[in-house]
Amino acid sequence: SFKFKVIGLKDVDVFLGFHYGEKKFIKDTAHVNANGEVEFTGKDTLQGGIYLFITPRKNYFEFVVNENKIQMETDTLDLVGKMVVKKSAENIIWYDYMKTIITKQKEIEPFREITKTADKESKEYKSAEASIIKINDEINKFRDDKIKQNPDMLIAKIFKSMKDIDLPDPPKNTNG
């Protein structure tokens, strides 16, 4: 069973979803009680992978399914940033990674801005580009270290599949 407590949610239905290509699909629905607690008990055994906890407002956080019992707590104010993994070795590593990515995106942003406007031949551009490469290398090293430390975990396979993917630009605000 997968137990979640989400501060800011109560007496609503939430969804267990998954990515398939660019789309998101719903696999299960569960009801959040008055204390923000919800449990997905599902009759089907889920294939190992990354799943989505989708709120009524269509916000979501991802979590790794490869264990029978998962217990996590967060807050709607910052689903990823406030995540505390109570039970799930895979998700402890996954959220360590997610939080690292958020930090690295903040570090990379000023350099990305420079590369958008600076002349490609300028010192400033080349320096910014070198900084972006260095930060991406740090992310790759983080993943490589986790793969070495946890070779038998699903998270190692997930990280292996991410190799050589550059850090995407953070989502732009798309408020129509």
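The values are calculated or read from the model by the stated rules, or taken from the named source; none is laboratory data. Predicted model, so just to flag it, every value in this text is computed and none were measured. Neighbour counts run over all protein chains shown; Cβ positions are idealised from the backbone, glycine included. Areas reflect the complete protein model, heavy atoms only, side chains present, ligands, DNA and RNA absent. Shrake-Rupley method; radii C 1.70, N 1.55, O 1.52, S 1.80 Å.
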Over 23 Å from Ala156 (Cα atoms) and of a type in the set (S, T, N, Q): which single residue out of Thr76, Thr100 fits that description? Thr76
With the requirement that a residue be surrounded by fewer than 14 Cβ atoms within 10 Å (Cβ to Cβ), farther than 30 Å from Phe2 by Cα and among the hydroxyl-bearing types (Ser, Thr, Tyr), what does segment 89-126 give you? Thr117, Ser122
Any idea which of Thr100, Thr117, Thr76 is in contact with a Gly (Cβ under 6 Å, 6 or more places away or on another chain) and either farther than 24 Å from Tyr20 by Cα or among the aromatic types (Phe, Trp, Tyr) (or both)? Thr76
Criterion (of a type in the set (Val, Ile, Thr) and touching a helix residue (DSSP H, G or I) at 6+ places or on another chain (Cβ under 7 Å)) met by exactly one of Val38, Val64: Val64
If only one of Lys10, Lys23 is on the phi < 0 side of the Ramachandran plot, out of contact with any Phe, Trp or Tyr (no Cβ under 7 Å at 6 or more places or on another chain), open to solvent by 50 Å² or more (accessible area, probe 1.4 Å) and at pLDDT below 95, which one is it? Lys23
So the strands (runs of 3 or more DSSP E) completely within segment 44-146 holding 1 or more residues that are of a type in the set (Asp, Glu) are 60-65, 70-75
Does segment 54-61 include one or more residues that are open to solvent by 90 Å² or more (accessible area, probe 1.4 Å) and within 22 Å of Tyr20 (Cβ to Cβ)? yes
Count of residues meeting criterion [in a loop (DSSP other than H, G, I, E, B), open to solvent by 50 Å² or more (accessible area, probe 1.4 Å) and in contact (Cβ under 8 Å) with a residue 24 or more places away in the chain] in segment 33-43: 3
In this structure, does Lys160 turn out to be assigned to a helix (DSSP H, G or I), at pLDDT 95 or above and loosely packed, with under 14 Cβ neighbours inside 10 Å? no
